[in-house]
Amino acid sequence: MAGNQIVINVDIGETRVAIIENGIVAELHIERRGDRSVVGDVYLGKVTRVLPGMNAAFVDLGLDRAAFLHVDDALPDEEFRAAMLGDDDEEPAEVAPVVDAEDNASSEPEIPGDEDIIAPKPEAKAPAKTAHAHPHAHRPQASKDRKPGGGSGGNNGGRPQRDARGQKPIRDVLREGQEIVVQVSKGPISTKGARVTSHVSLPGRYVVYMPTVDHMGVSKRIGNEKERRRLREVIDSLKPEKGGLIVRTLSEGLTKKQLKTDVAYLVHLWADICRKREGARAPALLYSELDVVLRTVRDIFGPEVDKIIIDDKDAHGRLVRFVEQFMPDRKDDVELYTGHEPVFDAYGIEDEIGRALSRKVPLKSGGYLIIDQAEALTAIDVNTGRFVGKRDVEETVTATNMEAVAEIAYQLRLRNLGGLIVLDFIDMDRPQNRDRVDKALAEALKNDKAKTTTVRISELGLVEMTRKRTRESLGRTLFEPCFYCDGTGQTSSRLTVAYEILRQIRREKDDLKGYFIVVNAHPAVVDTLKNEIRQDLDEAQRRYMREIRVQSRPEYHIEQFDLAGS
């Protein structure tokens with residue numbers, strides 16, 4: 001396995017997509033029947049609770065748990081209606097006919113490779129036709145005589161009331177029972193429901209259409225300034241009547257005709273969502289995102305990817321038709337795998353998955369990482385292990401940390417770890433060595449499509465960082481809490497359980513009728529009672545003047561036991 005490839009395994013009830021970069025599995029996406037990702041779906045939801053204390057609301061989408069909507073992500077009725085209609089009392093605006101066959105692109109707010117496409121959150125509008133504020137516009141400070149959240153003396157000159165942080169109160173935006181169109185920006189994770197926004201963004205192959213935000217931009221991953229200016233001029237000429245556009249990274253070098261096709265399709269897509277909304281009752285699904293196969297091809301199958309290998313004939317045909325709509329010259333790069341061995345076995349991906357789920361990750365030098373994912377954060381600990389270096393301790397430690405940086409960046413992507421992450425590097429005495437590790441980490445994270453932020457390494461070797469998360473990590477997707485230890489990762493030792501039994505006998509001895517006390521326990525605990533602490537068991541029999549009989553129960557949990565009188 002070499003080069004950059006996408007390997008897709010379509011199996012019974014489960015589809016797995018592996019992104020191969022330079023011969024190494026960089027990302028793994030899994031979608032199962034009945035557990036499809038809802039990220040990017042557009043719903044007509046109903047507000048079930050408004051929470052002024054959190055300046056947010058819960059919205060019923062018809063899913064297992066209500067979705068969370070913060071006031072920053074909520075558009076007031078009049079603004080959303082204006083975004084859905086060409087004018088306040090007109091149907092959605094028509095667009096120019098599509099030039100070529102249109103793609104089946106659909107919505108996904110979190111798009112690999114284009115962190116700057118998330119719809120900017122507009123300021124609340126002034127009356128009439130005032131445009132949305134630019135996302136980076138400076139928010140003016142309130143004058144000293146203005147009351148918190150509004151104007152002075154009860155008249156704020158037409159401006160909406162806002163709190164001390166510049167946020168509009170949620171009760172001024174939403175009310176319980178209200179129906180609202182929202183898009184899922186973050187899927188349900190663990191016990192939390194989905195997070196939603198009314199700032200819808202619809203990505204196509206080359207552009208992202210944001211019908212509720214008047215903003216034009218170009219992906220910051222396009223580094224050529226001349227090309228950025230050209231693309232900006234092109235999309236300015238294609239700007240729809242309502243909303244804004246952002247050019248995706250894959251648009252580099254494209255013609256105006258190619259971009260026009262994408263824009264026209266997305267505007268029609270939004271018009272279709274608006275029409276569905278008119279006849280729907282909440283909760284209702286208005287638009288469903290593509291499945292993991294087509295979504296991956298739409299967002300990742302660029303010129304840097306050599307080919308796609310897929311092992312299902314029907315899915316291969318569907319994929320070829322999809323690729324023909326965007327890139328007819330690349331349809332031959334979609335290959336049907338016909339080998340007898342499972343495709344993930346043939347490409348060594350199953351072994352990589354096993355490595356990705358291991359708590360201990362070895363480094364080539366002999367050092368290793370320990371990765372622990374907790375509820376609130378993920379901790380990654382760097383250890384020298386067998387690596388002893390050649391000259392001095394500082395050199396050995398720095399070399400291990402530098403090697404760990406590359407592996408940490410790789411593991412973050414492969415495991416899809418998100419949220420708060422703490423990296424515990426080995427302590428380095430020299431500031432210049434800490435700077436080297438800092439710079440190496442920043443460089444390694446540049447290739448990560450998810451947004452990351454890091455805090456400078458401390459004298460103790462700690463780095464606090466965050467990584468944007470919109471779906472469950474690979475470990476949480478493939479694992480569930482251990483039924484035996486109840487997710488704690490450990491159980492009481494057999495010696496601990498044996499002594500707990502002796503204490504329980506003391507508590508219950510007077511209520512146990514008969515001459516004998518019968519103890520039913522796990523075989524390992526019974527063996528401990530009969531051998532390791534036999535002397536203590538005999539002492540209990542003398543003290544309580546009762547014979548204690550222990551019986552093995554192989555079906556018992558090691559911490560489980562019960563007492564009976566006989």
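The values are calculated or read from the model by the stated rules, or taken from the named source; none is laboratory data. It should be emphasised that the depicted structure is a prediction, and the values quoted were computed from it without experimental measurement. Positions of Cβ are backbone-derived with ideal geometry, glycine not excepted, and every protein chain shown enters the neighbour counts.
See the values below:
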{"quantity": "Cβ-Cβ under 6 Å pairs, at least 6 apart or on other chains, region 21-32 side under 11 Å from residue 3 (Cα atoms), far side of a type in the set (Gly, Ala, Ser) and not in a strand (DSSP E or B)", "calculated": "23/2"}
{"quantity": "Residue check, residue 486 exposed (fewer than 13 other Cβ atoms within 10 Å of the Cβ), over 30 Å from residue 194 (Cβ atoms) and not hydroxyl-bearing (Ser, Thr, Tyr)", "calculated": "no"}
{"quantity": "Leading residue by the ranking (nearest to the chain's Cα centre (by Cα)) among those in region 209-227 that are closer than 24 Å to residue 450 by Cβ and among the hydrophobic types (A, V, I, L, M, F, W, C)", "calculated": "210"}
{"quantity": "Conditions (1) in contact (Cβ under 8 Å) with a residue 24 or more places away in the chain; (2) more than 30 Å from residue 482 (Cα to Cα): number failed by residue 560", "calculated": "(2)"}
{"quantity": "Check on residue 449, among the basic types (Lys, Arg), surrounded by fewer than 17 Cβ atoms within 10 Å (Cβ to Cβ) and not assigned by TED's automatic domain parsing to the domain that holds residue 184", "calculated": "no"}
{"quantity": "Residue 438 acidic (Asp, Glu) and part of a loop (DSSP other than H, G, I, E, B)", "calculated": "no"}
{"quantity": "Residue in region 392-404 that is crowded, with 20+ Cβ neighbours inside 10 Å and touching a residue at least 60 places away in the same chain (Cβ under 8 Å) present", "calculated": "yes"}
{"quantity": "Subset of region 493-550 [over 54 Å from the mean Cα position of the chain (by Cα), small (Gly, Ala, Ser) and assigned to a loop (DSSP other than H, G, I, E, B)]", "calculated": "514"}
{"quantity": "Region 551-566 - residue that is of a type in the set (S, T, N, Q) and part of a strand (DSSP E or B) and, of those, farthest from the chain's Cα centre (by Cα)", "calculated": "551"}
{"quantity": "Near pairs, Cβ below 6 angstrom, 6+ apart or cross-chain, from region 493-516 (under 17 Å from residue 541 (Cβ atoms)) to any residue that is part of a helix (DSSP H, G or I)", "calculated": "498/525; 498/528; 498/529; 502/540; 509/544"}
{"quantity": "Residue count for region 457-473, restricted to those that are surrounded by 12 or more Cβ atoms within 10 Å (Cβ to Cβ) and touching an Asp or Glu at 6+ places or on another chain (Cβ under 9 Å)", "calculated": "9"}
{"quantity": "Qualifying residue in region 34-50 (condition: touching a Phe, Trp or Tyr at 6+ places or on another chain (Cβ under 7 Å) and basic (Lys, Arg))", "calculated": "yes"}
{"quantity": "The listed residue being hydrophobic (A, V, I, L, M, F, W, C), touching a residue at least 24 places away in the same chain (Cβ under 8 Å) and in a loop (DSSP other than H, G, I, E, B), out of 200, 263", "calculated": "200"}
{"quantity": "Residues that are surrounded by fewer than 17 Cβ atoms within 10 Å (Cβ to Cβ) and either in contact (Cβ under 8 Å) with a residue 60 or more places away in the chain or among the aromatic types (Phe, Trp, Tyr) (or both), drawn from region 241-257", "calculated": "241, 257"}
{"quantity": "Checking residue 232 against (1) in the same structural domain as residue 60 (by TED's automatic domain parsing); (2) crowded, with 18+ Cβ neighbours inside 10 Å; (3) part of a helix (DSSP H, G or I), the condition it does not meet", "calculated": "(2)"}
{"quantity": "Candidate set: region 28-80, residues that are closer than 13 Å to residue 187 by Cβ and small (Gly, Ala, Ser); chosen: the one surrounded by the fewest Cβ atoms within 10 Å (Cβ to Cβ)", "calculated": "37"}
{"quantity": "Filter pass, residue 479 being aromatic (Phe, Trp, Tyr) and within 22 Å of residue 378 (Cα to Cα)", "calculated": "yes"}
{"quantity": "Residue in region 457-477 that is closer than 30 Å to residue 431 by Cα, modelled with pLDDT under 90 and β-branched (Val, Ile, Thr) present", "calculated": "yes"}
{"quantity": "Residue 281 being surrounded by 15 or more Cβ atoms within 10 Å (Cβ to Cβ), out of contact with any Ser or Thr (no Cβ under 8 Å at 6 or more places or on another chain) and of a type in the set (D, E, K, R)", "calculated": "no"}
{"quantity": "Residue that is nearest to residue 219 (Cα to Cα), among those in region 422-468 that are of a type in the set (Lys, Arg) and without any contact (Cβ under 8 Å) to a residue 60 or more places away in the chain", "calculated": "446"}
{"quantity": "Tabulated pairs, region 519-530, first at negative phi, second acidic (Asp, Glu), C-beta under 7 angstrom, 6+ apart or interchain", "calculated": "520/562"}
{"quantity": "From the options 420, 414, residue that is under 18 Å from the mean Cα position of the chain (by Cα) and in a helix (DSSP H, G or I)", "calculated": "414"}
